[in-house]
Amino acid sequence: MTSAKTHLNSKEFAEQAAEEMITSRSFWADARVRFFKNRMAVVSVFMLLCLVLFAIFGHNFAKWSYEEIDWSILGKIKTEGAPSIANGHYFGLDELGRDMFARVVQGSRTSLLVGFVAGITSVIIGSIIGAMAGYYGGRFDQIVMGMYTIWLAVPYIIFFVVWQAFFGRSLAQLIMVIILVNWTAGLLIVRGQVMMMKNREFVDAARMLGLNDFAIIFRHIAPNVLWVVVIYSSMVVPEVIMMESLVSFLGVGIQEPNTSWGALISEGASTMTFGTLWQLAYPAAFFVIAQVSLYYIGDGLRDALDPKDRR
Amino acid sequence: MTLLSVRDLNIRFTTGDGDVHAVNNVSFDLSAGQKVALVGESGSGKSQIALSIMGLLAKNAIVSGQVMFNGNNLLAASNDELNQIRAQKIAMIFQDPMSALNPYMKVGRQLSEIVELHEGLSRRDARIRAIEVMEAVQIPDAKRRLDAYPHEFSGGMRQRIVIAMALICRPQIILADEPTTALDVTVQAQIMHLLDDIQRDMDTAVLLITHDLGVVAGFCEDVMVLYGGRMMEKSKVGALFKSPSHPYTRGLLRAVPNIHDQTGQLHAIPGSPPNQMNAPTACPFAPRCNDVIDTCWQTLPELTGEDTQRACIQPVEALS
């Protein structure tokens, strides 16, 4: 008995047993490999990166600022305002004689900023509330779900109009109101995931070890549901860009002299009967490229991160 | 010296169909350095006893009685008070090492987090403690393994990590909830020997919860047999295996396959575990007992006796 026991407890035995240790990549490293195997997703990341660089550095390449009016062409926009390398208006002029290239750079900046800042912030807020509702359950959960249901019934365009009538119209207000409208993004899905997670044994183990709720939610449960939040964010960002464009198109979003893709498309659409199609085509093309790439990136992230669809 | 004293513990769970009486009038003591086994089949309430001591029962549980530790009743303690006792004084080893570790956290972090929280160690000191405790549970090359994720370990190695998590604050009491059930037999032996060594080194009291009588015989000094949430027999290991005094214990021991048994038959206890929807009014084992007599159906036997305590109205001599 004793000899068998010393053998079982010896270092060699433990080392032998440890030989079976598998060395493998972490979940995120694995997901990265899968993501970069997805050709459409990689192309989309490249396209989106180009768009972001264009929005940040584009104004350096513009011959005209977005405020300047080219008086020499104003009044002859239909005949001379078309895109041209020679006069420096690469994307042509809008109906007020401003350089479309500079305007598109300005609009891209606004739309991407609103999309990423408002989209990601609202997912984070929704996820935190959802995580707490899922973890604590009971009364808190009931209140949150009640608020969620009520929120679904609020018509958001009217909400935009009313909000901006009270608080004024600015980029910051626009971002804030979009976050407010979208606070439910990610709430349900994170709540469900956390409800599933909190019954897992490692959460009991963490409680057994005397960790407080904050540590359990944010250090133990959050990393386990992070992939859901990432996928969800990639779907909410294009949705928010769409929402921003829609309200700007309708005239309750971004205000002159600032502009966004939606506002530019709106202006372009109103003048398309005059044959100045470039005023519509350029912002629309940028908008479509952004939307398509964002959706493909989201798709790639889902394939890479969702453990159920691994193959 | 008695560390932990459980008195008249009752645990009920409210469900849509009525109350389930999971644990009824269970009392026992645990002294420093003592190794006690809590044996019973599935659903006998043995895990619930451990969870009630840790304050981790499900939300629909109604618990009464006393669990005294250092003069405090743990059942009445607030969550903050319990957090001071958890891990530092009483720790639990979970059954399934596959699910008791956080898959997204490096094992070293899972260990060091505990001492950072309870002992206020710096990150660096906590890492050193994590390495020490990993070496104590004989994980080779601990320094390198600190930054590995749980999925990079084999089952036995993971259970060692789970044990290390329970040990890292040097608790006075360890509740081991079926620590080897999820492991294969050779690994099981290693883990039990490891637990034995550590228990002796640190003079920890261990409450081993199991349904594996082989593990009990090799590890424990005292055994408590649970059936239908009631204590059936409480005795020294030697006495229990040599001359089980309760019909249920006898049935359990007969059910262990014996290599010398030439008939090749397995002996099961006929019938199935009791429905615990109603508070028992008679011996819960009566429906399955070989030696049942009329009075068994009317009286609820209490634990009586000196060294060997048993809850059976018939004298030992009268049993078949």
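The values are calculated or read from the model by the stated rules, or taken from the named source; none is laboratory data. Model, not experiment: these values are computed from the prediction. Positions of Cβ are backbone-derived with ideal geometry, glycine not excepted, and every protein chain shown enters the neighbour counts. When the accessible area is computed, the model is the full protein with side chains, heavy atoms only, and any ligands, DNA or RNA have been set aside. Shrake-Rupley method; radii C 1.70, N 1.55, O 1.52, S 1.80 Å.
Can you order the peptides A:140-153, A:175-188 by their average number of other Cβ atoms within 10 Å per residue, highest first?
The peptides rank, most packed first, as A:175-188, A:140-153.
Could you please report the charge total around A:Pro283, scoring K, R as +1 and D, E as -1 over all other residues with beta-carbon less than 12 angstrom from its beta-carbon?
Once positives and negatives cancel, what remains is -1.
Summed for both chains, how many Å² of accessible area, to the nearest 100, are buried between B and A with a 1.4 Å probe?
3500
Pop out the ³J(HN,Hα) list for segment B:294-304 in order, Karplus 6.51 cos²θ - 1.76 cosθ + 1.60 with θ = phi - 60°, rounded to Hz; leave Gly and Pro as x.
Values per residue, Gly and Pro as x: 4, 5, 4, 7, 10, 10, 9, x, 9, 5, 9 Hz.
Could you give the nm distance between label points at B:Val256 and B:Ser272, where each point is 7 Å from its Cα heading toward the beta carbon?
Simple spin-label model gives 2.7 nm for this pair.
List the trypsin sites (Lys or Arg not before Pro) within segment B:24-88 that DSSP assigns to loop and that have no more than 15 neighbouring Cβ atoms inside 10 Å.
B:Lys59
Can you give the charge dipole size of chain B about its Cα centre, rounded to the nearest 20 debye, using +1 on the beta carbon of Lys and Arg and -1 on the beta carbon of Asp and Glu? The partial results should precede the final answer.
Numbers: 28 positive and 35 negative charges, 119 e Å.
So the dipole magnitude of chain B works out to roughly 580 debye.
For A:Thr79, B:Thr15, A:Thr259, write out the residues from largest to smallest accessible area, computed with a 1.4 angstrom probe and no ligands counted.
Values: A:Thr79 115, B:Thr15 60, A:Thr259 0 Å².
Sorted descending by solvent-accessible area, the residues read A:Thr79, B:Thr15, A:Thr259.
On full extension of the chain, what length is gained from B:Asp307 through B:Glu119, given 0.36 nm per residue of separation minus the C-alpha to C-alpha distance?
Taking 0.36 nm per residue and subtracting the Cα distance, the gain is 63.6 nm.
With a Cα-only, solvent-free Debye model of segment A:224-311, what are the log10 I(q)/I(0) values at q = 0.13, 0.23, 0.24 Å⁻¹?
Reported log10 I(q)/I(0), two decimals: -0.54, -1.04, -1.09.
Quick one: ranking B:His260, B:His151 by accessible area, 1.4 Å probe, largest first, what do you get?
If we order B:His260, B:His151 from most to least accessible, we get B:His260, B:His151.
Compute the distance in nm between two label points, each set 7 Å from the Cα along the Cα-to-Cβ direction, one at B:Ser243 and one at B:Ala32.
3.5
Given N residues in chain B, what is its alpha carbon radius of gyration divided by 2.2 N^0.38 Å?
For chain B, the normalised Cα radius of gyration is 1.05.
Considering only DSSP beta bridges whose two residues both sit in the protein assembly as shown, what percent are antiparallel, to the nearest 5?
60
Just want the answer: with Cβ charges of +1 for Lys and Arg and -1 for Asp and Glu, which residue in B:Ile128, B:Ile161, B:Pro179 is farthest toward the dipole's positive end in segment B:125-185?
Towards the positive end, the residue furthest out is B:Ile128.
Considering every residue in A:208-218, what mean count of other chain Cβ atoms within 10 Å of its Cβ is obtained?
Details: counts 18, 17, 17, 7, 4, 1, 0, 2, 0, 0, 0.
Mean inter-chain Cβ contacts per residue within 10 Å come to 6.
Add +1 for every Lys or Arg and -1 for every Asp or Glu among the other residues with Cβ under 9 Å from the Cβ of B:Pro97, and state the total.
With Lys, Arg at +1 and Asp, Glu at -1, the net is +1.
Would you tell me the accessible area of B:Arg288, worked out with a 1.4 angstrom probe on the heavy atoms of the protein chains, in Å² to the nearest 10?
For B:Arg288, the solvent-accessible surface is approximately 20 Å².
Return the subset of B:Lys106/B:Lys143; A:Lys198/B:Lys89; A:Lys198/B:Lys59 for which the Cα-Cα distance in this structure is over 18 Å, preserving the input order.
The pairs that break the limit, which is 18 Å between Cα atoms, are A:Lys198/B:Lys89.
What lysines does A:Lys37 reach when the alpha-carbon gap must be under 24 Å and sequence neighbours fewer than 8 apart in one chain are set aside?
Those lysines meeting the cut-off are A:Lys308.
Separation of segment B:147-180 and segment A:206-232 by C-alpha centroid, Å?
So the separation of the two Cα centres works out to 20 Å.
Would you be so kind as to identify which of A:Met132, A:Phe61, A:Gly186 lies farthest towards the positive end of the dipole of chain A, taking Lys and Arg as +1 and Asp and Glu as -1 on Cβ and the Cα centre as origin?
The listed residue farthest towards the positive side: A:Met132.
What does a probe at A:Ile56 reach in segment A:117-161, counting residues whose amide N is under 20 Å from the point 7 Å along Cα→Cβ?
A:117-121
How crowded by other chains is B:106-117, given as the mean number of beta carbons from other chains within 10 Å of each beta carbon? Please list the in-between numbers first.
Working: counts 1, 0, 0, 1, 6, 1, 0, 6, 4, 0, 0, 5.
Taking all residues of B:106-117 together, the mean is 2.
Please give the length that would be gained between A:Leu49 and A:Ala165 if that part of the chain were fully extended, namely 0.36 nm times their separation in residues minus their C-alpha to C-alpha distance (nm, one decimal). It would help to have the intermediate numbers written out before the result.
On the way: separation 116, 0.36 × 116 = 41.76 nm, distance 3.57 nm.
Value of the extension gain: 38.2 nm.
Could you work out Rg/(2.2 N^0.38 Å) for segment A:146-263, with Rg from alpha carbons only?
Details: Rg = 18.8 Å, N = 118, 2.2 N^0.38 = 13.5 Å.
Here the answer is 1.40, to two decimals.
Using only the Cα atoms of segment A:56-207, what do you get for the radius of gyration and for Dmax, in Å?
Gyration radius and largest Cα-Cα distance of segment A:56-207: 23.7, 75 Å.
Just how much of B:His193 is accessible, in Å², when a 1.4 Å probe is used and the result is rounded to the nearest 10?
About 30 Å², rounded to the nearest 10.
Between B:Asp184 and B:Ala217, what length comes free when the chain is fully extended (0.36 nm per residue of separation minus the Cα-Cα distance, one decimal in nm)? Show your work: numbers first, answer last.
Numbers: separation 33, 0.36 × 33 = 11.88 nm, distance 1.80 nm.
10.1 nm is the gain from fully extending B:Asp184 to B:Ala217.
Using the 2.2 N^0.38 Å rule of thumb for compact globular proteins, work out how segment B:68-216 stacks up: its C-alpha Rg over that value, please.
Taking N as the residue count of segment B:68-216, the ratio is 1.02.
Roughly how many nanometres apart are two label points built 7 Å out from the Cα toward the Cβ at A:Met272 and A:Leu113?
2.8
Which order do peptides A:42-48, B:264-270, A:289-295 fall in by mean Cβ count within 10 Å, highest first? All intermediate terms of the calculation are to be shown ahead of the outcome.
Working: A:42-48: 16.4, B:264-270: 11.0, A:289-295: 19.9.
Answer by packing, highest mean first, reads A:289-295, A:42-48, B:264-270.
Using the alpha carbon gyration tensor of segment B:164-297, what are the three equivalent-ellipsoid semi-axes (square root of 5 times each eigenvalue), largest first, in whole Å? Provide the component values of the computation, followed by the final result.
Values: eigenvalues 187, 76, 37 Å².
Over the Cα atoms of segment B:164-297, the semi-axes work out to 31, 19, 14 Å.
List the aspartates and glutamates whose Cα sits under 18 Å from the Cα of B:Lys242, skipping any in the same chain fewer than 8 residues away.
B:Asp212, B:Glu221, B:Asp222, B:Glu233, B:Asp261, B:Glu306, B:Asp307, B:Glu317
May I ask for the Kirkwood hydrodynamic radius of segment B:10-54, worked out over all distinct Cα pairs and given in angstroms to one decimal?
On the way: mean 1/r = 0.0829 Å⁻¹.
That comes to 12.1 Å for segment B:10-54.
³J(HN,Hα) across segment B:35-44 via Karplus (A = 6.51, B = -1.76, C = 1.60, θ = phi - 60°), whole Hz, x for Gly/Pro?
3J(HN,Hα) across segment B:35-44, in whole Hz: 10, 10, 9, 10, 10, x, 7, 4, x, 7.
Summarise the partner chain shielding of A:196-206 as one whole number: the mean count of Cβ atoms from other chains within 10 Å of each residue's Cβ.
That average works out to 5.
Leaving ligands and nucleic acids out of the surface, order B:Glu41, A:Glu80 by accessible area at 1.4 Å, largest first.
Largest accessible area first, the residues go A:Glu80, B:Glu41.
Using DSSP to call loops (not H, G, I, E or B), can you name the trypsin sites (Lys or Arg not before Pro) in segment A:70-158 whose Cβ has at most 12 other Cβ atoms within 10 angstrom?
A:Lys76
For segment A:65-111 and segment B:39-86, compute the distance between their C-alpha centroids and round to whole Å.
Cα centres, segment A:65-111 to segment B:39-86: 74 Å.
So for each of A:204-214, B:74-84 I average, over its residues, the number of other beta carbons within 10 Å; can you give me the resulting order with the highest mean first?
A:204-214, B:74-84
Give me the percent relative contact order of segment A:75-123, please, defined on Cα pairs under 8 angstrom at least 6 residues apart.
Values: 33 pairs, mean separation 10.2, N = 49.
Relative contact order here is 21 percent.
At a threshold of 8 angstrom on Cα-Cα distance, excluding pairs fewer than six apart, so keeping six or more, what relative contact order does chain B reach in percent?
On the way: 576 pairs, mean separation 65.3, N = 320.
The normalised contact order for chain B reaches 20 percent.
How big is chain A on each of its three principal axes, counting only the C-alpha atoms and giving the largest first in Å?
On the principal axes, chain A reaches 103, 46, 29 Å in Cα extent.
Nothing charged except the Cβ atoms of Lys and Arg (+1) and of Asp and Glu (-1): what's the magnitude of the dipole of chain A about its Cα centre? Round to the nearest 20 debye.
Working: 24 positive and 24 negative charges, 125 e Å.
Roughly 600 debye, rounded to the nearest 20.
Please compute the contact order of chain A in relative form: average sequence separation of alpha-carbon pairs under 8 Å and at least six residues apart, divided by the residue count, as a percent.
25
Among A:Ser111, A:Ser84, A:Ile143, whose Cα projects farthest towards the positive end of the dipole of segment A:83-183, with charges put on the beta-carbon of Lys, Arg (+1) and Asp, Glu (-1)?
Looking along the dipole axis, the top candidate is A:Ile143.
Calculate the translational D of the protein assembly as shown in whole µm² s⁻¹ from Stokes-Einstein, where the hydrodynamic radius comes from the Kirkwood formula applied to all Cα pairs, the temperature is 20 °C and the viscosity 1.002 mPa s.
Working: Rh = 29.5 Å.
Translational D for this selection: 73 µm²/s.
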